[in-house]
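Take a look at the structure set out below.
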Amino acid sequence: MGKLSRLGNDLYEGKVSVDFVGRKWLWYSISGVLLVLSVTGLLVKGLNLGIEFEGGTEISASVSASEANQDNVTKVADAVVATGVEEAANPQVNKGATTIRVTTETLTSAQEQTVTAAMAETLGIPDSQIDTKISVQKVGASWGKEVAKRAITGLIVFLILVVLFIWAYFREWKMSIAALVALAHDILITVGVYALSGFEVTPATVTGILTILGFSLYDTVVVFDKIRENTKNLRQSRRSYAELANLAVNQSLVRSINTSIVALLPVGALLYVGIFQLGSGPLKDLALALFVGMAVGAYSSIFIATPLLVQLKQGEKEISEQAARAKARQRRDADRYASVPSFSEGMPLADGPDLPEEGAEGEPADSAPLQAPFQAPASRPSATGSGRVVPSPKAPVEDSGSAHRPQPNRQPRSKRGK
């Protein structure tokens, strides 16, 4: 734990740094592969829309808790397929705490009786208890269309509010663009995972997708706020905008990882319970959307949003000038002689003593008078230890007339003159 704390402190102070911004094309490539897989899954397999969106018939059988297991789910699915009903050829069978549910396309009354009888025989339900233990419910597609319409409306309103919020908070529209790209990245990959996995899309899935947008935006805003703090006095800094943005990501790295792990652990537990304990259901659909969205949201905040923001701002005059100044400082700090210009033809020379002009054969011209070589003026001797210049003597030094007089001595005032 101590090593992790020291690592976080070194990342915050810049002693250790991961080049997130400089390796942006690597992160873009990874995201590109994930997006291609997601779009391919959507185009080839498509989304497995639940009965709430497409409409159909749902037949539920009440059983004991011990009978609501995966073995009975498999037996019921095989029995429904064996009925030969075309609309029930691909049933969705899942279990609850005390129920086993079969979802099919819309069935007629005769087809419902056939499927119900097959379920009752498989689960050992007597004919006299079929009406009490097995229920049939039809769902129209109009309700699902209304749910999808409202979900799309909510998504559009959310994105508009995101743009306005980031613009008002940071006063930087390019940050809004980078945040929106990161959000679109998260949505496409999450939806692609649903298409590839074949999980059923229910209203709980829509709820989970809308929830992960807030989580991804929160992480991105935290990183952007650190970037704004680091670049507040950009002209006085010795680093470029890209370096300061990369420092902000490193400073937020440990916090982002810890927050993501703390959020993913309970969601992962819900996903496990929803898949292996309860089977299919709203809990599983919600947990899958949250788990995938949170993981991808943490990735996009670190690896996509910040490098994209730096790339968008590179064309600004202030940013490019600061990058040039920072590069020059680094070169000068690395080699203090790097700023000394090298000699080149036509370089102006420093002023010096006038030299005679040369004749045709390199000899001094007759009309140019020769001058004595330059001599530095003789310096006057300095008085040792005083820092003053010794004055020139006006006459030879002679003996003073006061040489034989008594000289004062250092005695206390009370003893002077005694």
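Any idea what the relative contact order of the range 56-139 is, in percent, if you count C-alpha pairs under 8 Å spaced at least 6 apart?
The value is 44 percent.
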In nanometres, the difference between 0.36 nm per residue of separation and the alpha-carbon distance of residue 265 and residue 207 is 19.0 nm
Straight-line reach check, residue 15, cutoff 18 Å on alpha carbons, 8 or more apart in-chain or any other chain, hits among lysines -> 3, 226
Cα-Cα longer than 29 Å, checked against 45/174; 24/232; 45/145; 45/149; 75/133, kept in input order, equals 45/174
Taking placed amide H atoms and a strict 5 Å upper bound, the residues 5 or more places from residue 99 or on another chain that come that close are 63
Distance in Å, no decimals, from the C-alpha centre of the range 62-108 to the one of the range 144-218 is 34 Å
The convex hull of the Cα atoms of the range 56-139, divided by residue count, gives a volume in Å³ per residue of 79 Å³
Rounded to one decimal in nm, the spacing of the 7 Å Cα→Cβ label points at residue 411 and residue 81 is 13.2 nm
With x for Gly and Pro, the residue-by-residue ³J(HN,Hα) of the range 178-189, computed from phi through the Karplus equation 6.51 cos²θ - 1.76 cosθ + 1.60 at θ = phi - 60° and given in whole Hz, is 4, 5, 5, 4, 5, 5, 4, 4, 5, 5, 4, 5
Placing each pseudo-label 7 Å from Cα in the direction of the beta carbon, residue 146 and residue 113 end up separated by a distance in nanometres of 3.2 nm
Taking Lys and Arg as +1 and Asp and Glu as -1, residues besides residue 87 with C-beta under 11 Å from its C-beta add up to -3
1/(1 + (r/R0)^6) with r = Cβ-Cβ of residue 36 and residue 130, R0 = 51 Å, i.e. FRET efficiency to nearest 0.05, evaluates to 0.55
So, with points 7 Å from each Cα along the Cβ direction, the residue 161-residue 328 label distance in nm works out to 4.8 nm
Residue 291 neighbourhood, Cβ < 13 Å, K/R = +1, D/E = -1, net charge -1
Stretched fully, the stretch from residue 254 through residue 395 gains (0.36 nm per residue minus C-alpha distance, one decimal, in nm) 42.3 nm
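Bear in mind these aren't lab numbers, they're just calculated from the coordinates by the rules spelled out. None of these values were measured; they are calculated from a predicted model. Ideal geometry is used to build each Cβ from the backbone, glycine not excepted, and the neighbour counts take in all protein chains shown.
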